Amino acid sequence: MDAIDRAIILATQCGLPLVPQPYHAVAQQVGITPDEVMTRMCAMLDDGMIRRIGAVPNHYALGYKANGMTVWDVADERIDELGVLIGRLDFVSHCYQRPRHLPDWNYNLFAMVHGHDKVETQQKAFLIAELLGDACRAHEILYSTRILKKTGLRITG
Amino acid sequence: MDELDRAIINQLQGDFPVSDSPYAEMAQRLGTNESELLAHIQRLLADKVLTRFGPMFHAERLGGGLSLAAMKIPPDDFERVAAIVNQMPEIAHNYARDHVMNMWFVLATETPQGLPEVLEKIAHQTGYEVFNMPKIKEYFVELKLQV
């Protein structure tokens, strides 16, 4: 990432301009040509620096009010195979392997599950439990009770 | 929420074109026109149905440090610790959760080396252990919420 990529990120991380030619508007702000903005953004999409371009919905506003962080103690030798399986479920938005901290924390697989209410989230967690089968020793669902801070990930100029 | 709003949410979570007139292009695909599409996106943002419209960046690939960390805080000391954690600019979000491990925050630093420094600072200033849980592997990250 060079200074121009950085300038493009700064100009777009809060959103794409809502004008008929948004990439031209970004180009003007950064001080390069629209073609260069588009070429660089396509390159960032190709190498994964940009995951995707589009709408970022607010779960709560869409009625998904019970968003549970489900955590699972999965046998290490099967976690990759099972992680991919869980990540494919349409109600799982994020699925990661994370380190255990024994004895305080024995869960190594995290999956964010979105439901309209806790019953729905529990049912979805049950589907995950079935998929994991014997490879899973224990699991819990952690609901957020309060947002203490939410500024989002931002790079600064 | 009308049909176009639902189409925007269901069909526009990715694949927005990189072209001279992307909104016009997208409008055609959704069976509407450019000004209607722009007006609808604007209203969905104003109503906070969308938190953002634009590129979603992959934080680690931008070169910085990123992690999730958790803490076990006694309830009567929770607010003091939350205040210490929240005032650090590296903390992107922080949630209280219904578990013994009751505070969960995501932190992002300009460089990977900055991460352990911030975690150490939090442990030192609060007096509690910080459990660092950086991701080891990512199996899938995509929003697929439908309305």
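Only one of these is modelled with pLDDT of 95 or more and in contact with a helix residue (DSSP H, G or I) (Cβ under 6 Å, 6 or more places away or on another chain): B:L68, B:L37. Name it.
Selected residue: B:L37, the only one of B:L68, B:L37 that is modelled with pLDDT of 95 or more and in contact with a helix residue (DSSP H, G or I) (Cβ under 6 Å, 6 or more places away or on another chain).
Going through B:L115, B:L68 one at a time, which residue ends up being within 27 Å of A:M49 (Cα to Cα) and buried (at least 20 other Cβ atoms within 10 Å of the Cβ)? Before you say what the answer is, go through the steps one by one.
Values: B:L68 fails: buried (at least 20 other Cβ atoms within 10 Å of the Cβ).
Exactly one of B:L115, B:L68 is within 27 Å of A:M49 (Cα to Cα) and buried (at least 20 other Cβ atoms within 10 Å of the Cβ), namely B:L115.
With the requirement that a residue be under 25 Å from B:E90 (Cα atoms) and part of a helix (DSSP H, G or I), what does region B:30-68 give you? Can you show your working first?
Our first condition is that a residue be under 25 Å from B:E90 (Cα atoms); within region B:30-68, this holds for B:48, B:50-68.
Once the filter is applied, which keeps residues that are under 25 Å from B:E90 (Cα atoms) and part of a helix (DSSP H, G or I), region B:30-68 yields B:A59, B:E60, B:R61, B:L62.
For every residue, the table says whether it meets (1) touching a Lys or Arg at 6+ places or on another chain (Cβ under 6 Å); (2) acidic (D, E); (3) under 28 Å from A:P99 (Cβ atoms).
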{"residue": "A:V19", "(1), (2), (3)": "no, no, no"}
{"residue": "A:A27", "(1), (2), (3)": "no, no, no"}
{"residue": "A:M41", "(1), (2), (3)": "no, no, no"}
{"residue": "A:R51", "(1), (2), (3)": "no, no, yes"}
{"residue": "A:A61", "(1), (2), (3)": "yes, no, no"}
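Out of region B:69-111, which residues are of a type in the set (V, I, T) and either facing chain A (nearest Cβ under 7 Å) or on the phi > 0 side of the Ramachandran plot (or both)?
Within region B:69-111, just B:I91 meets the criteria.
Could you identify the single residue in A:Y107, A:Y143, A:Y64 that is assigned to a strand (DSSP E or B) and either of a type in the set (S, T, Y) or on the phi > 0 side of the Ramachandran plot (or both)?
A:Y143
Here's a check for you: in region B:1-26, which residue that is outside any loop (DSSP other than H, G, I, E, B) and under 21 Å from A:C42 (Cβ atoms) is nearest to the chain's Cα centre (by Cα)?
Let us first name the residues in region B:1-26 that are outside any loop (DSSP other than H, G, I, E, B), namely B:3-11, B:22-26.
Next, from what is left, pick out any that are under 21 Å from A:C42 (Cβ atoms): B:11, B:22-26.
Values: B:Q11: 20, B:P22: 25, B:Y23: 24, B:A24: 28, B:E25: 28, B:M26: 25 Å.
Only one residue tops the list, namely B:Q11.
Being under 12 Å from B:M133 (Cα atoms), facing another protein chain (nearest Cβ under 8 Å) and surrounded by fewer than 20 Cβ atoms within 10 Å (Cβ to Cβ) is the filter here; which residues of region A:98-123 pass it?
Passing the criteria: A:P99, A:H101, A:W105.
The values are calculated or read from the model by the stated rules, or taken from the named source; none is laboratory data. What you see is a predicted model; the values in this text were computed from it and never measured. Using ideal geometry, Cβ is built from the backbone for each residue, glycine included, and neighbour counts are taken over all protein chains shown.
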